[in-house]
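Any read-out appearing in this document is the output of simple, stated calculations on the displayed coordinates, not a laboratory observation. Just so it is clear, the model here is predicted, and its values are computed rather than measured. Glycine also receives a Cβ, built like all others from the backbone with ideal geometry; neighbour counts cover every protein chain displayed.
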């Protein structure tokens, strides 16, 4: 199946080239929002944030604050209500209720951190001084922290315009589901509660708006993944001619979904620049970021998997509730997580029968949004965890049950239970390669006697995962997400000097577009990547597009770049053919020249000169001047990438601290443009997963106060928590996408959650520990061990004694486990 | 996250600093390394009228062996615990604890005195100071006075310095060859703040324990002696039973506090293991830092 | 935050009830109580300066009293606002019961806090609450018994800066006393921040 | 009332400067806004993320936890000093070749921390590299290629017996 796409000497695509974008970043010459030299007279905005999770705003007194020296203006929600339209994600989908969000809360606040007023002052220090003096009088209302509170019959309704607090619900059931599930030999089920996460890009959000009264033009620099959508939103919500708006995403310091929404601050700062006729800047600080940037992945997955005795998977049942917080994000809306959660659950396995009910529920917590992997990491956590449990209960090794059920060549192309098409994949190959590289059989043998070695419990965990990538217009139309176009575009242009420039409609936040897309252009035009410049993230140039998220960069922007480049290459051939008096089809582009069979050739620079009428030789009849093409791309089938992850962990039985000992991943993202960049994406995804399994968690107290608003309390993994990694590449090109590319941005995190959780569960097999909650902080691990039926002694035992007894109990349980654990 | 306004003073001598401190009657704050203070200023949960910067005070950075005492000026940086041969020779426990005190950039700037005066419940140095029986030398308008480490820590962020006093220097007894030390801790991430930290000092004669100091931080507002464990060791041979016994007794009469992130039950659970580890480490003459 | 406790005082129930209703006694007993102003028979305003180490905040508190059953029990509830610092809410049921010659005082407190300090100072919440309760009962014990209360944990010496006491312009006897305990506890929760290094 | 400004004289990246600063001005803001040395980034402003790491008198420090007014007489180096012009330093080059940066926001802090490590320990083990970088958060790379790059730079510098990092 993995057709041999052998690479040619001189190919640019597929090379591990260091990135073109690195140099300025390494010299400290990056251009992140707050690095941009702001014009003289720039004013600084600071927001007054709600201290209550749910309350009525009785009065806002700015009298003291406005008197402060250096304060220019203060606006409250009431003053702006009529002047900036509310943000509304009116998704067109049955079971969906749209909700309005005012850019500043007017009468009611719905989460701690919601902005109730904005202070504009000469500098940030003064603005913060003034913000402290704004007095807000609240009348408290009942907070709704979790979905159970929010769906109770007597729960207060959070939004006047809806019925109840369920903003979206959908369900699905394959025709034979009930009968198959009823007749299954074995069913494993559990309720998985995933915890809320902060995206925590190292650069928090921010924007700078510069207004020109002369022509009512606005340029907004904003740290975003979706500059075109931001521009359209400003135009719609501020009634501003879109042709007078330019949105620029400069260097963006990470995004991961957190900058994939249009935020009130972007609208406000734009509004204020025009209102005050002055440049206005807002930089989100870290506390604000942890309180207001869209948060992710607070779901409950009640999942059941049905099997035959022999371990054959028959089907899955899922009931999913998503806590989407106080407001849906825009443009993706309230259904993106709940819908995705249901769609992503069938992974890399033959799963003929499937039924789900899914709901998106609004609560008085920070709005949620897409975060790297969206619901897929938790969906995989649920299915992969239950796979392991089923294996143990059916006397199979975790590797064995996966071998039995993972899709193989003969299954492909495969249409899963919810209708998603997998054209190609290397599910079984990746699994086997990862098992071999991790030396799985040997590890099991070593472990079989005793999981306790050198005073630590050792475990190994497998995950076989699917990544839905490169979703185009069709997927967004199906889901009724009307403000997300789904296509992207590129304009490729060869200048008179024979060098190429490409304007691409996406923007890059570290994924290396400026290098990867240059490789595509260079490959098509037969020039070196040093002769190609890629420009992104500026709505002032090039075609309209959707943006960079959901692993759509290489597939869709890459596809658009490829198509535009191909058309430019064709034109080069036509012109050269005319001049060299040969057939265009006989011409090859490489090393900056156009070669005909034999000796005849001319340089692309000469062709460019001709095309720009800077050469005695004329263009062929009917050929237009210039050497450029614009094209768009929208893949007909969203390509699926796949991977197998294997983690090995050790646990300190006394403290419960988990250490990742080794990590292997074999993955397949189709045709690889730049292996260096692909591996970087995988490493980063895995560590974001690792971090969320082991330590990250946003928490709210019973009143909805966020209690993880600093990086002292919101725990990101550091270099000493992370292992080195082995990454193995499979390349089954996608026949459904231009260039055969598949996406790779999210696979790492999708696999890391289940692989690490399963490894920890494996280390804790002697305790029958069932993992259905994250993060696995030391106190959680200790609880898992102590609640274990069989572990003698409680906390009174000394560690020494406990270790001895632990040793015994491990041995005992191992024997027990042995009896139905066949080692692969 | 920008601090509120404050007046700034940069005195050249401790005497000057104390004088300014007195003038502000408790509304001024001393600035040492700033690694704990500046964050709370940036968050604006603390807005002193003035900061008195000790970084230019002469003599506060001295490291000196004075007979049986190792004297550290209040401004000796935490990094010195690693780099100073004098400290390594006189107080190996300080050196062994250094890697726990946060990353290099923090230790380069953060001071030993500042960490002690900040009296943070999750900080390691207070445990070390108490275990070693250090003496805090306070300087005020009426001159200097000694405060035993045991009496210095009153609770969260609270020490026994008067409003017009500063911590001038810290005196650690120079350790002897018959002494053994260890520091171990339980953390949420590798090398994180101490959920529970244990500092240990044993004095041995013919393999009998003559003296034992076992001090825990992280379980409550201030460093606490594990008296029952200490008593159980004194006068006895250090064998496996003694270790098991001392570690079992560590939770005897010990109070454990919860916080919204970590339950008291966890702290109670890990303390015996940490005490055992510290003892085993000390017995194997481990000053090898355990990860 | 929930906390309940019990203290034994050697003074009689009547004396304890009187003591905890005597404004001067209260101002001495309640950590950081600066002023008290009676609004009505069931409402009262108070200013409490709460401090942990260097960090302090002044809270304007509204107290409400209910379920009065002198000299036995009442329900007290209130909330304090510290402006930008945040806010605290508290409520408690308090009971006095004769216990031989002495008096048993039972309290059961429910307090919560919000705003910046609460969000940032999470790690010390329980400890601070306990400290406030302990300090009050220590002071109370001294006031009524002239001796430390039975089974009272060792109390800390006065912090570096004693809370200043503003002239209290309240009528002779007000029955608000224990309300302040609640507020003191609640507010105590707020006023902590801990970012070590 | 306008705040009193204090005069400071300091050396930044080899250049002697004199400025008047308000006491509360953070060093990070002074470098970024007054000197336009925007390579030093602010990722948390409470001393955890390490993006603002600079060198003060030869030792790394968090510029978000230091006030400019304290820097009178100090010698400060920022990421801009690593390769002011011409080719990248060995450390920067290793970061480039090993794809040790993605979004690049945290990179200046990592470079300053790694530079100090290599100056103190020319031949660090993987463990000591990870220890030395644990005060710098990266959300993109998973630290894998950063650690590999620092090892490669160490090897290269040892080969050259050359100056560390810069």
Q. Counting each DSSP H run of 4 or more residues in chain A as -39500 (n - 2.57), what helix-only mean residue ellipticity at 222 nm follows after dividing by all residues, to the nearest 500 deg cm²/dmol?
A. -8500 deg cm²/dmol
Q.
On the principal axes of its Cα set, how long, how wide and how thick is the range A:499-641? Give whole Å, largest value first.
A. 47, 32, 28
Q | Relative contact order (percent, whole number), the range B:1-120, Cα cutoff 8 Å, 6+ residue spacing | A | 26 percent
(Q) Using helices alone, I'd like the mean residue ellipticity at 222 nm for chain B: each DSSP H run of four-plus residues gives -39500 (n - 2.57), total over residue count, nearest 500. (A) -8500 deg cm²/dmol
Q.
If I model a spin label at residue A:186 and residue A:29 as a point 7 Å from the Cα along the Cα→Cβ vector, what separation in nanometres do I get?
A. 6.2 nm
Q: Kindly work out what percent of the DSSP beta bridges joining two residues of the range A:487-633 are antiparallel, to the nearest 5.
A: 75 percent
**Q.** Pairwise centroid distance, computed over Cα atoms, of the range B:77-94 with the range B:1-21, Å
**A.** 28 Å
Q) What does the range D:6-81 give for Rg and for Dmax, in Å, if only its C-alpha atoms count? A) 11.0, 30
Q | Shielding by partners, peptide B:193-204 (average Cβ within 10 angstrom, other chains) | A | 1
Q: Can you figure out the FRET efficiency of residue A:56 with residue A:623, using R₀ = 60 Å and their beta-carbon distance, to the nearest 0.05?
A: 0.30
Q) Taking chain D as a Gaussian network, Cα atoms linked when under 10 Å apart, which of D:107, D:40, D:66 shows the biggest mean-square fluctuation? A) D:66
**Q.** Degrees, to the nearest 10: D:144-160 long Cα axis against longest axis of chain D
**A.** 80 degrees
Q) Which of the peptides D:13-22, D:78-87, B:23-32, A:683-692 is most tightly packed, and how do the rest follow, going by the mean number of other Cβ atoms within 10 Å of each residue? A) A:683-692, B:23-32, D:78-87, D:13-22
Q: For the range B:75-221, calculate the relative contact order in percent as a whole number, restricting contacts to Cα pairs under 8 Å that are 6 or more residues apart.
A: 23 percent
Q: At q = 0.09, 0.11, 0.13, 0.16 Å⁻¹, what is the base-10 log of I(q)/I(0) for chain B according to the Debye formula with one equal point scatterer per Cα and no solvent? Please give it to two decimals.
A: -0.42, -0.63, -0.87, -1.26
Q. How many Cβ atoms of partner chains, on average, are near each residue of D:93-102 if near means within 10 Å of its Cβ?
A. 6
Q) So how many Å³ per residue does the convex hull of the Cα atoms of the range D:90-138 work out to? A) 76 Å³
Q) Can you give the % of DSSP beta bridges in the range A:483-558 that are antiparallel, to the nearest 5? A) 50 percent
**Q.** Using alpha-carbon coordinates, inclination of helix D:107-120 to the longest axis of chain D, degrees
**A.** 70 degrees
Q) Relative to the first principal axis of the alpha-carbon coordinates of chain B, what is the inclination of helix B:264-283, with its axis defined by its Cα atoms, in degrees from 0 to 90 and to the nearest 10? A) 70 degrees
Q: For chain D, just say rounded, prolate or oblate: build the C-alpha gyration tensor, square-root its eigenvalues into a ≥ b ≥ c, call rounded for a/c under 1.5, and beyond that prolate if a/b exceeds b/c, oblate if not.
A: prolate
Q.
Rg/Rh for the range B:31-113 to two decimals, with Rh computed the Kirkwood way over all alpha-carbon pairs.
A. 1.03
(Q) Given the -39500 (n - 2.57) contribution per DSSP H run of 4+ residues, what per-residue ellipticity at 222 nm results for chain D, rounded to the nearest 500 deg cm²/dmol? (A) -8500 deg cm²/dmol
Q | Alpha-carbon centroid distance for the pair the range A:503-580 / the range B:223-257, whole angstrom | A | 69 Å
Q | Efficiency of FRET between residue A:67 and residue B:163 - r from beta-carbon atoms, R0 25 angstrom, step 0.05 | A | 0.15
Q) What shape does chain A have by the C-alpha gyration tensor, where a ≥ b ≥ c are the square roots of the eigenvalues, rounded means a/c under 1.5, and otherwise prolate means a/b greater than b/c and oblate the rest? A) oblate
(Q) Can you tell me how the range B:179-283 classifies by the Cα gyration tensor, rounded, prolate or oblate, using a/c under 1.5 as the rounded cut? (A) prolate
Q | Two-site label geometry, residue A:408 and residue A:11: point separation in nm, points 7 Å out along Cα→Cβ | A | 2.8 nm
Q. Which three lengths, in whole Å and largest first, does the range B:44-163 cover when its Cα atoms are put on their principal axes?
A. 40, 33, 29
Q | Share antiparallel - DSSP beta bridges, the range A:404-541, percent rounded to 5 | A | 65 percent
**Q.** the protein assembly as shown - Rg (one decimal) and Dmax (whole number), Cα, Å
**A.** 32.9, 120
Q | Other protein chain Cβ atoms within 10 Å, averaged over every residue that makes up B:263-276 | A | 6
**Q.** Contact order normalised by residue count of chain A, Cα under 8 Å, 6+ apart, percent
**A.** 15 percent
Q: Please work out the C-alpha center-to-center distance from the range A:319-343 to the range A:157-221 and express it in whole Å.
A: 2 Å
(Q) If packing is taken as the average count of other Cβ atoms within 10 Å, what order do D:42-53, A:714-725 fall into, highest mean first? (A) D:42-53, A:714-725
